[in-house]
Amino acid sequence: MRSTLSKTLATAAALVALAGCGSSAGDPAGQTLRVGTLADAPPSIYLENGTFTGYDNELLRDIARREGFSVEFVGTEFASLLASVNNRTFDIGSSTISTTDERKKTVAFSDGYSTGFTTIVTKKDAGLTEVPRFSGKRLGVVQASVQDDFASKKVPGAEVVRFPDYNAGFAQLRNGTLDGWVVPKDIGQKYLDQNPDVALEFGYTVETKDTPSAFAVRKDNKELLDKLNRGLSAAIADGTVKRLHGQFFKTEPLPAELEPGGPGLPVQNP
């Protein structure tokens, strides 16, 4: 794989040193904003040749350019990301974050920029194609992710095993200590494509369109929230979202709402 947790943390330490003290507040125009992200969830968010990239992060770079601020990416673990946005460690969270009601208690979300599917990756020919068949099985998830919530609440009888990142969960699935690995389908597909020697398949898949992925900001940072939404709207209108989606998601169709001229994916914050 292209990235590991240790590489993520090392990169994070370097970027923190460069970022200086504290985090920005108020109008972000002309500022460099610190963005918490992951390094091992391609094609959405990943580290390549020392640079954070992926659909989410390249879209955020485009929005920042339109709105007159800069972004500096810092690697982190997903379990602490929203709290780190809330406590001003990061200005923005960029990590394919599903906009659930529970998460809206901690942060505010921009409008959505992608939808997707949750899937359980299994060994090939395991026959685990329905939720009841996972009772008594060990399912790996990234801690505090939507997939963690899905496995815990909607797969009765499963033993949920939590990991800090995707690489760790995949390693356990690969060596046979997990029966299933619960991930966004696009991320699962990328791991399967990069590891054709491992006999894996999608066992069970469910659509997650009601909670689109969005950028997270502090609840009191309306200036930044407005800039993200304005920049995203412009990127949808001129086809940038479509272009970036096609660049990183080779086979997955773009939601109609994100096509040029589409209404977008509005997110309501409480």
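All of the numbers you see were taken from the coordinates with simple rules; none came from a lab. Not measured: the values here are computed from a predicted model. In this analysis, Cβ positions are derived from the backbone assuming ideal geometry, glycine residues included, and neighbour counts consider all displayed protein chains.
The table that follows gives values for the structure above.
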quantity	calculated
Fully extended contour minus Cα-Cα distance, from Asp125 to Ala168, at 0.36 nm per residue	13.2 nm
Cα-centred dipole magnitude for the chain, charges only on beta-carbon of K, R (+1) and D, E (-1), debye, nearest 20	300 debye
Selected from Ala256, Ala158, Ala214 as most flexible by GNM, with the chain as the system and alpha-carbon contacts under 10 Å	Ala256
Gain on full stretching of the segment that runs from Asn175 to Ser70 - 0.36 nm per residue minus C-alpha separation	33.7 nm
DSSP-defined antiparallel bridges as percent of all bridges, region 117-207, nearest 5	65 percent
Three-way shape label, region 117-207, alpha-carbon gyration tensor, a/c 1.5	rounded
Per residue, the convex hull volume that the Cα atoms of the chain enclose (Å³)	117 Å³
Residues Asn87 and Lys250, FRET efficiency given R0 of 35 Å [Cβ-Cβ distance, rounded to 0.05]	0.40
Given charges at beta-carbon only (K, R positive; D, E negative), |dipole| of region 117-207 in Debye	200 debye
Loop trypsin sites (Lys or Arg not before Pro), region 134-217, which have at most 16 other Cβ atoms in a 10 Å radius of their Cβ (DSSP)	Lys209
